[in-house]
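Here's the structure, in structure tokens; my notes come after.
Bear in mind these aren't lab numbers, they're just calculated from the coordinates by the rules spelled out. Since this is a predicted model, take the numbers as computed values, not measurements. Cβ atoms come from the backbone with ideal geometry, glycine included; neighbour counts cover every protein chain shown.
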Amino acid sequence: MFLQWFFQSMVQILYYFVRQILAHLDVQIDFDRMAECFSAKNTDDPTQRITAHPWKYRSDARQLRDEAEKRYEYFSWSQQKFVPKGMLLKVGQDVHSRAKALALLGTWEANASGRSNSSTS
């Protein structure tokens, strides 16, 4: 368990640093292969070593991000029936892209609940 946590922590740190590098350099790290590099003694059988498993929920997991975007688009489409057409036109593309970014980052609920709390005080 500790090994998996340690591996995931290292992935997060490396991903943060890779994001700081200029995009045109296109630096890539194969995090799935990197999981094989982390091993520890098995506590049940000291003669064996266990390795970390690839982490499918990491920050650069494009497939999950695409799935989240599809789920958001469906959610957005289903919620539009409750919003008057004039309001939809007034809101504009900027707000839509901001909401989409929040939903993809997984912070939509936190921002929405914080906004409702601040408006009541």
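Against the condition assigned to a helix (DSSP H, G or I) and under 26 Å from L104 (Cβ atoms), how does Q4 come out, does it pass?
yes
Mind checking which residues of region 21-44 are surrounded by 10 or more Cβ atoms within 10 Å (Cβ to Cβ) and of a type in the set (A, V, I, L, M, F, W, C)?
Scanning region 21-44 gives I21, V27, I29, F31, M34, A35, C37, F38, A40.
Conditions: (1) more than 24 Å from A101 (Cα to Cα); (2) assigned to a helix (DSSP H, G or I). T47 meets all but one. Number of the miss?
(2)
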